[in-house]
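Notes to accompany the following structure.
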Amino acid sequence: MARKTSKSASKDVKSAMHRRKKGTLKSGRSGKTVKSKKQAIAIGLSEARQKGKKVAPNKGASKKRSRKSSTK
């Protein structure tokens, strides 16, 4: 099975994790310090996508939540 993420994209995630550990990784608009490992990974993947590297598509953006109204 092929890799979903390129090795260079993995380096971007690794870099984001190191910045989180140092306390220098900041979130988007608010600029707050990131403390969650999951958020650090998400930021690393996002940065890799912006650079045009091979990364699996964003799961949150692909989901469409539509509710069907149920009538009885």
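The values are calculated or read from the model by the stated rules, or taken from the named source; none is laboratory data. This structure is a prediction, so every number in the text was calculated from the model and none was measured. Backbone-built Cβ (ideal geometry, glycine too); neighbour counts: all protein chains shown.
Of the set (1) at pLDDT below 95; (2) surrounded by 13 or more Cβ atoms within 10 Å (Cβ to Cβ); (3) not small (Gly, Ala, Ser), all apply to Lys68 but (2). Against the conditions (1) surrounded by fewer than 16 Cβ atoms within 10 Å (Cβ to Cβ); (2) part of a helix (DSSP H, G or I); (3) out of contact with any Lys or Arg (no Cβ under 9 Å at 6 or more places or on another chain); (4) at pLDDT 90 or above, Ala16 satisfies every one except (1). The residue that is surrounded by the most Cβ atoms within 10 Å (Cβ to Cβ), counting only those in region 19-41 that are assigned to a helix (DSSP H, G or I) and free of Cβ contacts under 8 Å to residues at least 12 places away in the same chain, is Lys21. The C-beta contact set for region 5-18 (first residue touching a residue at least 40 places away in the same chain (Cβ under 8 Å), second residue loosely packed, with under 13 Cβ neighbours inside 10 Å and basic (Lys, Arg), distance under 9 angstrom, 6+ apart or interchain) comprises Ser8/Lys51; Ala9/Lys51; Asp12/Lys51.
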